[in-house]
Each structure stands twice: as C-alpha cells, then as structure tokens.
Number of protein chains: 2
Amino acid sequence: VGRRLGDVGEHAWIAALRRRVGRWTAGGRVVVGLGDDAAVVRPGRRPLLFTTDALVEDVHFRRAWAPPRVLGRRAFRVAASDVAAMGGRPLVALLAVEAPVRLPAADLDAFVSGVAGAARRAGARLVGGNLAAGPHLAAAVAVLGESPGRVVTRAGARPGDRVYVTGTVGGAGLAIRRLLAGRPARLPVPPDRSAAGVLLATVASAMIDVSDGLAQDAGHLARASGATVAVEAARVPVAPACRRALGPEALIFALTAGEDYELLLTVPAARERRLAALVPRLGCRLTRIGRVVGGAGRVRLVDPTGGTLGLPVAGFDHFVRRSRRSSRTS
Amino acid sequence: VGRRLGDVGEHAWIAALRRRVGRWTAGGRVVVGLGDDAAVVRPGRRPLLFTTDALVEDVHFRRAWAPPRVLGRRAFRVAASDVAAMGGRPLVALLAVEAPVRLPAADLDAFVSGVAGAARRAGARLVGGNLAAGPHLAAAVAVLGESPGRVVTRAGARPGDRVYVTGTVGGAGLAIRRLLAGRPARLPVPPDRSAAGVLLATVASAMIDVSDGLAQDAGHLARASGATVAVEAARVPVAPACRRALGPEALIFALTAGEDYELLLTVPAARERRLAALVPRLGCRLTRIGRVVGGAGRVRLVDPTGGTLGLPVAGFDHFVRRSRRSSRTS
C-alpha cells in the first residue's frame, strides 16, 4: 500500500517534492520556483490574467473515477481554461491541496505530477502551493497568465455578431453521468484551448469557456454584453457519443451538461474572413452555432425555421438542489 | 436565520456579489476585476510574487471562534504574509471557497467582505475566485504581489549575520490553545507586515514568515541557506500574555506554537546601521534574537552563557499525529 501522508508528514512530503521538481519550475519566466515563501516571476509588458478554479472530491469527481495523475491534469486544465477564454496563455500556477491524513503519499505525488505535467505541456510552470489536512481531497489551482494580444471579456458581443464554439459539447457530461451511475467511462480531461484562445482573441468580440453548460455560459456572455444569444439548434456540435447514447434528448443534454471546457465566442461579421484564415491553425473544430441579436441579455434556442424552442435554464449550480442532469424549461 | 446558500444558488449568490463589490476591485492596477473568466492586471516592471495559503475549518479554525468577517480577514493575511516575507506588497488576490450548502448566505457574504476589506487595507484588490459546495468551510487565497526593491529569499543567510524577528511570538498560539480548550479568547488576526517587509528587504540577507513556529521556520531558513541559526533564549520576544500564562514554559511554547505571522530575518553586520535607521518606520517592534553561525542547516537555542539548550523540533505539521502543542527535545 505504501506510506500514507500521516506517516510521512507535511514538511517531509514537501521537502521530498522539492527535491524532485526542479525541472518542473525551471525555465520560462520563473526566477524563484517552488520552495520559498512565494514564487518570483519576471514581469513582461503584456496584460496579466489571474484566475482560480477548484476540484472537490465527491462534488466534481470521485477518487475511483481516474488515477490521481489524471485528476491533477484535470485540476490544471479547468483553471487554465479561464485564461484561454480571455485570449491568454498560462505562465505559472499554484496548487492549494486539502488531503486526508490517510491518503497514500504516492497518490498525492501523482496528483501533483499531473498538475505540473499539464502546466508544463501548456508552456506554464507549477511554482508553489499549499498542503493542508482535510476530510477529503480538494484542490484549488490559481493560474497567472498573460495575453499576447487582445484581452477578450464576456462583455463585447453586439447584435449582428456570429456565435461560435470550439470542439463538441455533451461528451464530457455524458461520461460523468455514466460514472455517477457506476457504469464504466473515462473521466474526460478538459482540452487545452490556450493556443486556440490566443488566435480567436484576435477576432472575437466576446469569449467565455463552457464549464456550466453551453446554455448557461451563453447566458453569462449575453448578460455581460447586454444582448441576446440566439443558438440554432441544428448547428450545435453535439458529441457523436452523446448523440448515439441519448438520441432526441442529446441536444438539450449537451446544452446543459457542462464540463466541456470548450470556448464559446462571438465574432463581428466584418471579421469573418480573418476568422476563416485562422481556422486551420486552431488545432480543433470550430462551429458557427448562431448569432447575437438585440434584447436583454438572454439565450434563445431557435429551430431551422426561426421558431423559438423551449430552452432549459439549468446548468451546474453547486447550491441548488436540482440534479445537474435535470432541466427545466423556461 | 436568513437564507442559506442552498436557497440562493451559486450563480445568484455570485451575481449579487458582483453588484456589491465594484468598489473592492476599482483602482490600482486592475483592468478587469471580479466577474469575468479571469481578472486582468496591468503589468509593471517589478518582479512578481505569487503565493497561496489556505484555511480549513476544524483544521485551522472553528467557525464559532470568530465572526465570518474576521475569518476572511485572517485568510487574506496568512497568504499576504508570504509576499511580505519576500519583501513585496500584495497587488491582487483570488479566493477559492468551499462552503456547505446549509451555510447562511450572509455568513459567506461576511467572509468574502473580510477578505476584500483586508486586501483593500493592504493596498490590494480581491479580483476573483471560485465557489464550490463542500462538507465544510475552506478557503484558499492566492496573492499576486510585486517587489518594489530587492526580493529576499530564505536562502541568503551567511555566518556572521544577525537574526531578527518582528513583533512578539507565542500570543497567537496561546489564544488558539485557549480556544481549542473551549475557553474564551480572541482569535488573533495576523498582523499586516507588508510595509515592514518591504523596508526590511532593503537590508535582509534572508527572510521568512513565522507560521509554523519560530523554531521550525528558522530551520527552513537555515536549511535553505546552508547555515545554522543560533537563537539566544533570553532575547526571544515572548508575548507578555504568553509569559504570564505559561511562566517557565512560555519560551518553548512561543518557539513552537506558530500562527504568529511575524517576519524572521537575517541581516549582515555591515548593514546594521542601515537597519537601525529603518526601525522607526517599521510600524512594529524589531528584536535581535541571535546570529547565524557555520554548520549544516540547523537551529540551536543558546543560553546566556553560550551553552546549548534542548530545542523542540515540533511545529505545526498537518499530517503528523503529535499535537501541535506538544514538543519533543531533539
């Protein structure tokens, strides 16, 4: 079984980590890496992007769903996704972990390796963190990134803009639904959309990452922009596995399930040709799914004839006791 | 009783927070504050300092010990202490919270206000965060700061340097011991040593904040520097309340109790006059407590005649099952 954290001790574990991780923190803009009071990063001239996201055991994942290294990779990607959604790339990351005293020390090693490896592959470095005892495994990853060009907020969408989404939606939610039901499935690791985000930021008027479900995140973008997002039902790139498994229910599921970590963006019509030239370099699919229209910040789901379909308002909300899988029609 | 988080919902709570907190994020170097995917901070020319620290319910505090606003203030100060210990001041902060569904929404409001207010008073801004459901209240605060002058690590102490500590030690640990025993006491809020840290960094060869106990943190500094820290027992500024309550045991308690969040630093003899000139501007007491000597990175406690006293090695360790209040003699 190996030693548990309670046998090793916090400080001994951290000391062992420091000996191992030199290569993780070396290079890039890091002047002082893991092991002092704070990491020191050389400043640049570009706007800094600063965000945090958390994974909590039995809320966002169960430990049996994936090896600790995969969970660590996931913890980095969900935080870095917010940097990509502003048009930036991650520079450095911090990891605050709560871990049970009985957790095998090797599991925590692997979890931290997963975070550090995902950071490294994204061109970033894990430069510090915190370890505390707690009743379950939980991790908050803070990412400092920078924008090489334009910073894109949620607030710039204007009537007439086209709406796009990267990748597909519904596949990650389907896998998690299966895992929650005790069926075999592979816990999805969010895609790394940093490179795509930087490219798309050169033309986007607004951008957000899809974490709570496309419908809900489009609503955040619509409200911030003071415009309405009209999503064309037939254009939504529902993941093939989701379509196969859920049939006619796949669309609504894919719009509300969340966990996709794709980018949702709006592009003014005048920039469509520039966008088309970028597509081959994105490294992922890009689908036009609708357009921005006037009206208060809302989301409308429209059928091919232009009629409005009932749109579920539900998406993931930690504190509302409806199932994240259920949906209400507004 | 008021509404609980489960009645309000994550997104509604965050929306209400955004409406309230404009003034928290305005000003300073913040271009985009709370409410988008990531905060945007204008870059400067100074080295960036990046750190995180966490408070976990029933590990670091109990909810009954203090109002939520005081706990929030504490969460910011323990993280900002690491920036001060590098000679920097905080610019922006992120707050990742886990909160029970049954927590009164007003308690979370007050907790966040405590974080934001402490940040503001330190010249920083709370610019974002994350809220997740969890079995208990836990908060990880990430702070991005910058160094206006020299960055001071733990690793620069050399034989011949003098050792100093700000404030007093043992008072915070005593209060927590009383609270743990169910006796009335005031949960100490860590001091804001940002201004002192920036000044002391102009002369210090090494610096660390005292969070796990002076003996243990001096050990971290000694190991990083490859030198030994000799602490003169009679010079340690034990908090008067601690001395009164514990008598002859006060010194060892104060050296191991932790929670002080004072600064421990070493200063080359050649900079002692510059240090003396700074003292009136520190805003806190500064006490010389020993000196750096050769030898492997260790801590020695010496009596007034130069003899070595038994020094407890214990300090706070999350995963080792000795009481944080007990101590072993090495």
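Any idea what the dipole of region B:88-141 comes to, in debye rounded to 20, about its Cα centre with Lys/Arg Cβ at +1 and Asp/Glu Cβ at -1?
On the way: 5 positive and 3 negative charges, 58 e Å.
Its charge dipole is roughly 280 debye.
Kindly identify region A:127-209 as rounded, prolate or oblate by the Cα gyration tensor criterion: order the square roots of the eigenvalues as a ≥ b ≥ c, call it rounded if a/c is under 1.5, otherwise compare a/b with b/c, prolate if a/b is larger, else oblate. Working shown, then result.
On the way: a/c = 2.75, a/b = 1.39, b/c = 1.97.
Oblate shape, in that a/c is at least 1.5 and b/c is the bigger or equal ratio.
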**Item:** Summed side-chain charge close to B:LEU49 - residues other than B:LEU49 whose Cβ falls under 11 Å, Lys, Arg +1, Asp, Glu -1
**Value:** -2
**Fill in**
A correct Karplus calculation of ³J(HN,Hα) over region A:194-206, with 6.51 cos²θ - 1.76 cosθ + 1.60, θ = phi - 60°, whole Hz and x for Gly and Pro, returns 4, 5, 4, x, 5, 5, 5, 5, 6, 10, 6, 8, 7
**Message:** Output the 0 to 90 degree angle, nearest 10, between the alpha-carbon long axis of helix B:10-20 and the longest principal axis computed from the alpha carbons of chain B.
**Reply:** 80
**Prompt:** On a 0 to 90 degree scale, rounded to 10, what angle separates helix B:214-225 from the longest Cα axis of chain B?
**Reply:** 80
**Request:** For A:VAL92, enumerate residues with amide H under 5 Å from its amide H, sequence gap 5+ or separate chain, H modeled in the peptide plane.
**Result:** A:ARG125, A:LEU144
**Prompt:** Considering only the other residues whose Cβ falls under 12 Å of the Cβ of B:GLY283, what net charge follows from Lys and Arg at +1 and Asp and Glu at -1?
**Reply:** +2
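What net charge is computed for the residues neighbouring A:GLY171, neighbours being all others with C-beta under 13 Å from the C-beta of A:GLY171, Lys and Arg scored +1, Asp and Glu -1? Walk me through the intermediate numbers first.
Working: positive: A:ARG177, A:ARG178, A:ARG186, A:ARG243, A:ARG244, A:ARG285; negative: A:GLU259, A:ASP260, A:GLU262.
Residues close to A:GLY171 contribute a combined charge of +3.
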**Prompt:** Any idea what angle helix B:171-180 forms with the longest principal axis of chain B, computed on alpha-carbon atoms, 0 to 90 degrees, nearest 10?
**Reply:** 60
**Message:** Of the candidates B:GLY87, B:GLY258, B:GLY310, which one comes out as most mobile in a Gaussian network treatment of chain B with C-alpha springs shorter than 10 Å?
**Reply:** B:GLY310
**Request:** Name the residue, out of A:LEU103, A:LEU48, A:LEU221, whose mean-square fluctuation peaks in a Gaussian network model built on chain A with Cα pairs under 10 Å.
**Result:** A:LEU103
**Asked** Counting only DSSP beta bridges with both residues in the protein assembly as shown, what percent are antiparallel, rounded to the nearest 5?
**Response** 75
**Request:** With θ set to phi - 60°, apply the Karplus curve 6.51 cos²θ - 1.76 cosθ + 1.60 along region B:145-157 and write out the HN-Hα couplings as whole Hz, x wherever there is a Gly or Pro.
**Result:** x, 9, 9, x, x, 7, 8, 10, 8, 7, 9, x, 5
**Fill in**
region B:218-246 and region A:165-213 have their Cα centres apart by a whole-number Å value of 51
**Asked** Each residue of region B:286-297 in order: what ³J(HN,Hα) in whole Hz does its phi give by Karplus 6.51 cos²θ - 1.76 cosθ + 1.60, θ = phi - 60°, with x for Gly and Pro?
**Response** 9, 10, 7, 10, x, 8, 8, 10, x, x, 4, x
**Prompt:** Averaged over B:9-16, how many beta carbons belonging to a partner chain fall within 10 Å of each residue's beta carbon?
**Reply:** 4
**Complete:** Between the alpha carbon centres of region A:1-70 and region B:90-110 the gap in Å comes to 23
**Message:** Run the label-point distances for B:ARG186 please: 7 Å along Cα to Cβ, every other copy, nanometres, shortest first.
**Reply:** 5.9
**Label geometry 7 Å along the beta-carbon vector: A:ALA241 inter-copy distances in nm** = 5.7
**Prompt:** Considering only the label points, 7 Å along Cα→Cβ from Cα, what distances in nm to one decimal separate A:THR305 from the same position in each other copy, shortest first?
**Reply:** 10.3
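No value in this document is a laboratory result; all are computed from the given coordinates. Note that the structure is predicted; figures quoted are calculated from it, not measured. Cβ atoms come from the backbone with ideal geometry, glycine included; neighbour counts cover every protein chain shown.
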